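See structure below.
The values are calculated or read from the model by the stated rules, or taken from the named source; none is laboratory data. Since we're looking at a predicted model, the values are computed, not measured. Cβ atoms come from the backbone with ideal geometry, glycine included; neighbour counts cover every protein chain shown. Side chains are part of the model used for accessible areas, which takes the heavy atoms of the whole protein and leaves out ligands, DNA and RNA. Shrake-Rupley method; radii C 1.70, N 1.55, O 1.52, S 1.80 Å.
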Amino acid sequence: MALPSETVYGLGANAEEPAAVSRIFEVTGRPPSHPPIVHIGGTEHLDDWVQDVPGTARLLAEHFWPGPLTLVLRRVLAFPLEATGGLETVAVRVPDHRVALALLSAFGGGVTASSANRFGSLSPTTADHVRAELGDGVDFVLDGGSCEVGVESTIVAATGDTPTILRPGGVTREDLETVLGCPLAVPSTSRVRVPGRHPSHYAPHARVVLVEPEKVVAEAERAQERGHQVGVFLPPSFTGAPVKAHAVVTVPGSVAAYARGLYGLLRELDLRGCDLIVASLPVEEGLALAIANRLRRAAGPRPCE
Ligand code: AMP
Ligand code: MG
């Protein structure tokens, strides 16, 4: 079944039932190398799933759960291998959503849940998005309204004494560093237009081109003249600027609103028939680090390129 969370909608299954977990991979087309996250109802259940939990990981769990933080820890031996992609570790989090927590509490166990989208495409942030993404592939969608955070959880590898960020997300690097009292390593960031070594992910159907904010309008108009149906992510400082393009959305001025709307806006430009989206990266601090990461990945080379 699909379930809401504060980050994005998930496609969930009983974490202890290998056949159900396999269905997640089947329905989403996800490769085994991307295991889903095990969602638990509270920190008190952590030790049912993982072992050798370092003090730093407990500290992070205490501060940020329930919330958009996923901890990668050493799995307990009894954990079904299907749910971990054969890894010795497992990703765990407690979601901060009334409906998800009620479900987890009623169920009592862990729910393995991937984002409820076809692998590589946009994550759903409403129940309607899930239906549009997965159609009959999902038998039940629990509608908990629009996701409050709108981007996925921050994933932190926490097996050792020095945690590292594997994926920026809803909990900011700055907040993690404040709690830990030390700087954190983050994944390498490439500059705008550097040919992506990362294949596309979090991607709309339209191709995504990233340029400097002051070049968005000119780049969009040039592509439109070349015959593309161009969608524009207009930076907030250019609000109201006339743009000769197929569809224009103005990026919300607040970073939280931008994160909340990011996938919905990309989806909207797809629905309006755009084949190319011109956007720029926000300044990479706070929650904008996650937004920039998703836009970069969306702009990465497509499998057929
Ligand atoms: P999603 O459900 O789309 O948010 O994806 C979950 C992410 O968690 C994927 O990118 C996985 O690669 C990552 N993940 C899950 N388990 C692990 C693990 N044991 N180690 C590292 N990353 C993990
Ligand atoms: Mg995903």
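Specify the inter-centroid distance of the stretch 49-105 and the stretch 108-152, based on alpha-carbon positions, in whole Å.
Cα centres, the stretch 49-105 to the stretch 108-152: 19 Å.
Report the local net charge at GLU16: Lys and Arg +1, Asp and Glu -1, summed over other residues whose C-beta lies under 15 Å from its C-beta.
Here the count lands on -1.
Using Cα pairs under 8 angstrom and six or more residues apart, how large is the relative contact order of the stretch 57-123, in percent?
29
Using just the C-alpha positions of the stretch 84-228 as equal point scatterers, what log10 of I(q)/I(0) does the Debye formula give at each q in 0.09, 0.10 1/Å?
Values, matching the q order: -0.42, -0.52.
Between the stretch 275-305 and the stretch 206-267, what is the C-alpha centre distance in whole Å?
12
Suppose each label sits 7 Å from its Cα in the direction of the beta carbon; what would the ASP52-GLU26 distance come out to in nanometres?
The answer from the label model is 3.4 nm.
For the chain, modelled as a GNM with alpha-carbon contacts under 10 angstrom, which of THR250, THR112, THR89 fluctuates the most?
Residue with maximal mean-square fluctuation among THR250, THR112, THR89: THR250.
FRET efficiency for HIS63 and THR239, Cβ-Cβ distance as r, R0 = 35 Å, nearest 0.05?
That gives a FRET efficiency of 0.45.
In whole percent, and with a 1.4 Å probe on the protein chains, what portion of the accessible area of the stretch 112-237 is carbon and sulfur?
In the stretch 112-237, the share of accessible area belonging to carbon and sulfur is 49 percent.
Give me P(r) over the chain, computed from all C-alpha to C-alpha distances, binned every 10 Å, as integer percentages.
Taking every Cα pair in the chain, the percentages come to 6, 27, 35, 22, 8, 1.
Among GLY85, GLY264, GLY150, determine the one that fluctuates most according to a GNM of the chain built with springs between C-alpha atoms less than 10 Å apart.
GLY85
I need to check one value: relative contact order of the stretch 205-305, counting alpha carbon pairs closer than 8 Å and at least 6 residues apart, in percent.
38
Taking 8 Å as the Cα distance limit and 6 or more residues as the minimum spacing, I'd like the relative contact order of the stretch 24-170 as a percentage.
Dividing the mean separation by the residue count of the stretch 24-170 yields 30 percent.
Sum -39500 (n - 2.57) across every DSSP H segment of at least 4 residues in the chain, then divide by the residue count to get the 222 nm mean residue ellipticity, nearest 500.
When only DSSP H runs of four or more count, the value is -8500 deg cm²/dmol.
Would you please give the residues with an amide H less than 5 Å from that of ARG167, counting only those at least 5 places away or on a separate chain, with H modeled from the backbone geometry?
ILE155
Which residue, GLY181, GLY29, GLY41, has the most motion in a Gaussian network model of the chain that connects Cα atoms within less than 10 Å?
Ranking GLY181, GLY29, GLY41 by mean-square fluctuation puts GLY181 first.
Taking the mean number of other Cβ atoms within 10 Å as a proxy for protection, how do you rank 162-171, 99-108 from highest to lowest?
The packing order, highest mean first, is 162-171, 99-108.
Roughly what angle does helix 255-271 make with the longest principal axis of the chain, taking Cα atoms, 0 to 90 degrees, to the nearest 10?
For helix 255-271, the angle is close to 70 degrees.
Filter the trypsin sites (Lys or Arg not before Pro) in the stretch 58-162 down to the DSSP loop ones having no more than 14 other Cβ atoms within 10 Å, then list what survives.
Hits after loop and neighbour filter: ARG118.
Could you state the angle between the C-alpha long axis of helix 98-107 and the longest principal axis of the C-alpha atoms of the chain, as a value from 0 to 90 degrees rounded to the nearest 10?
The helix 98-107 is inclined about 30 degrees to the chain.
Only loop residues by DSSP count here, and only those with at most 16 other Cβ atoms within 10 Å; note down the GluC sites (Glu not before Pro) in the stretch 65-140 that meet that.
Counting only loop positions with at most 16 other Cβ atoms within 10 Å, the GluC sites (Glu not before Pro) in the stretch 65-140 are GLU88.
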